[in-house]
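Working notes, beginning with the structure itself.
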Amino acid sequence: MNLPAPEPPGVRRDPRWGDLERLRRTNPMSDAVLDEVRGRHIRSGDHWLIDFASCNYLGFDWDPEIMDAIGPAVKQWGTHPSWSRLLGSPRLYPDIEERLARLLGAPDTLVLPTATLIHASVIPVLAGRGQVFVEATAHRTVYDGCVAARGQGATLHRFHGERPGELEALLRSVPPGVSRLVCLDGVNSMSGNLPDLPLLARLCRSFDATLYIDDTHGFGVIGERGATEPCPYGSRGNGVVRHLGESYDGIVLVGGFSKAYSSLLAFLALPTWLKDHLKTSAAPYLYSGPSPTASLATVRAGLDVNERRGDSIRADLHAKTKRVLDHVRHLGLETLNRDELPIVEIPLGRAQDVDAVARFLWDSGIYVTVAAYPLVPRDRVGFRVQLTALNSDEDIDRLNATLTRLKERFPMRTRD
């Protein structure tokens, strides 16, 4: 019999993570090993599933034009430029930054390997020894960056984005001359919803606070609005700031290419003076290994594809998302999704059913993101469906039919 290895002396597990640890050990939907991928069909062992857990929203991970861009770039630059960016950047970097700034309509951009590295290093720089305000549902990596800032002398507060008066009172309480940094998600990674950015931006500007936005799930999917937009996602996929008609005055936007663009790279949209400052104060620029050449090449090719075909891809993605949401509403199931973005979180009627529900979906050939406690509060335990342009109409039919059977078998939370 294989017994679990003893824990090192002094190490104590946080009991809150017990549910998640049990799920990891017992459920095939958690910590799965995937043996084969064919677009949005994946194989684990001899079991095939339809992938509704991918964040490759535009399907760029299987776009032939983007895949073909890797070989020539590797022949020119090798597999990995191993200097830190402070020592040297292949021409690919400034080319991407210039094109990205034009797409975003931002004063400047800085690209680094991942959004997680950006949050961990840039939030403490922006915060200094001032006051940091993090929205209660912000992504865990944003919160971790704020905790790192607290460890370096900042004071940390939490607020709820749907209660602007709460943030206003906190900002008003800060003594004059003390810096203020407000951190929140653009498109929320769990609910798929948008913040009231115009209101929050106005509030931050009135108190001279910097607004730091993580839009890793919005960039590439939503963009600027206009009379000729092909769908409610807007045009060009240039992110939440442009989508909600805001300027970059007092705003630092963080976005990632690892979701919609399927490439290992992330960025900040920021003023040039701050970009220059981060080159000597942010650890990823000074010390980290850079993204591999393949990722830089696929970002560059993805920007080309986005210019030519991005809006039609987004319109197709919206249509597929709406089909799922319409069916969820027809079944009377509750979902937090109100903005029709391709993240559909479905809470369960009973949190203790999460293991059985995940196994039912697995056996039905549907692969989703399980939302277990403490990743979400107990009253929101359930699962998250993520739609991509690469999911076929047949995939959507199979998902909707499975949701119908799921409701018949398990107590689900319904809309009031």
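What is the distance in Å between the Cα centroid of region 43-73 and that of region 302-361?
The distance from the Cα centre of region 43-73 to that of region 302-361 comes to 18 Å.
With label points built 7 Å along Cα→Cβ from the Cα atoms of His160 and Arg22, find their separation and express it in nm.
Using points 7 Å along Cα→Cβ, the separation is 2.9 nm.
Summarise the accessible area of the chain (1.4 Å probe, protein heavy atoms) by the percent that is carbon and sulfur.
On the way: 9490 of 18380 Å².
The nonpolar share, carbon plus sulfur, comes to 52 percent.
Quick one: accessible area per residue over the chain, 1.4 Å probe, rounded to a whole number of Å²? Provide the component values of the computation, followed by the final result.
Numbers: 18380 Å² over 416 residues.
In whole numbers, the chain has 44 Å² accessible per residue.
Whenever you get a sec, line up Val33, Val241 from highest to lowest accessible area (probe 1.4 Å, protein heavy atoms). Walk me through the numbers on the way to the answer.
Values: Val33 100, Val241 0 Å².
Accessible-area ranking of Val33, Val241, largest first: Val33, Val241.
Excluding Gly161 itself, calculate the net charge of residues whose Cβ lies under 10 Å from the Cβ of Gly161, where each Lys or Arg counts +1 and each Asp or Glu counts -1.
On the way: positive: Arg163; negative: Glu135, Glu162, Glu166, Asp185, Asp196.
Result for the neighbourhood of Gly161: -4.
Calculate the spin-label point distance for Phe410 paired with Asp208, positioning each point 7 Å from the Cα along the beta-carbon direction, and give it in nanometres.
If labels sit at Asp208 and Phe410, their model points lie 5.2 nm apart.
For Ser291, Ser44, write out the residues from largest to smallest accessible area, computed with a 1.4 angstrom probe and no ligands counted. Before the final figure, lay out the partial values.
Working: Ser291 0, Ser44 25 Å².
The residues order as Ser44, Ser291, largest area first.
In whole Hz, with x marking every Gly and Pro, tabulate ³J(HN,Hα) for region 129-136 from phi via Karplus 6.51 cos²θ - 1.76 cosθ + 1.60, θ = phi - 60°.
After applying 6.51 cos²θ - 1.76 cosθ + 1.60, I find 9, x, 10, 10, 10, 10, 5, 4 Hz.
Taking amide H positions as placed in the peptide plane 1.01 Å from N, state which residues far from Leu58 in sequence (5 or more) or on other chains have amide H under 5 Å from it.
Answer set, sorted by chain and number: Ala389.
Would you kindly state how much longer the chain becomes between Ala227 and Tyr287 on full extension, computed as 0.36 nm times their sequence separation minus their alpha carbon distance, in nm to one decimal?
Numbers: separation 60, 0.36 × 60 = 21.60 nm, distance 4.54 nm.
Extra length available between Ala227 and Tyr287 comes to 17.1 nm.
Tell me the net charge near Arg329. Cut-off is 15 Å between Cβ atoms, Arg329 excluded, with +1 for each Lys or Arg and -1 for each Asp or Glu.
Numbers: positive: Lys322, Arg323, Arg338, Lys407, Arg413, Arg415; negative: Asp326, Glu334, Asp339, Glu340, Glu345, Asp416.
Summing Lys/Arg as +1 and Asp/Glu as -1 gives 0.
How charged is the neighbourhood of Gly130? Take every other residue with its Cβ under 13 Å from the Cβ of Gly130, and add Lys/Arg as +1 and Asp/Glu as -1. Please report the intermediate quantities before stating the final value.
Working: positive: Arg129, Arg150, Arg180; negative: Asp208.
Summing Lys and Arg as +1 and Asp and Glu as -1 gives +2.
Given 0.36 nm per residue, what is the gain on full extension from Arg309 to Gln352 after removing their alpha carbon distance, in nm?
Numbers: separation 43, 0.36 × 43 = 15.48 nm, distance 4.39 nm.
Value of the extension gain: 11.1 nm.
For the chain, what's the radius of gyration and Dmax over Cα atoms, in angstrom?
In order Rg, Dmax, the Cα atoms of the chain give 21.8, 66 Å.
The values are calculated or read from the model by the stated rules, or taken from the named source; none is laboratory data. The structure displayed is predicted, hence computed values, not measured ones. We place every Cβ from the backbone using ideal geometry, glycine too, and count neighbours over all the protein chains shown. Keep in mind that these areas ignore ligands, DNA and RNA; they rest on the heavy atoms of the full protein, side chains included. Shrake-Rupley method; radii C 1.70, N 1.55, O 1.52, S 1.80 Å.
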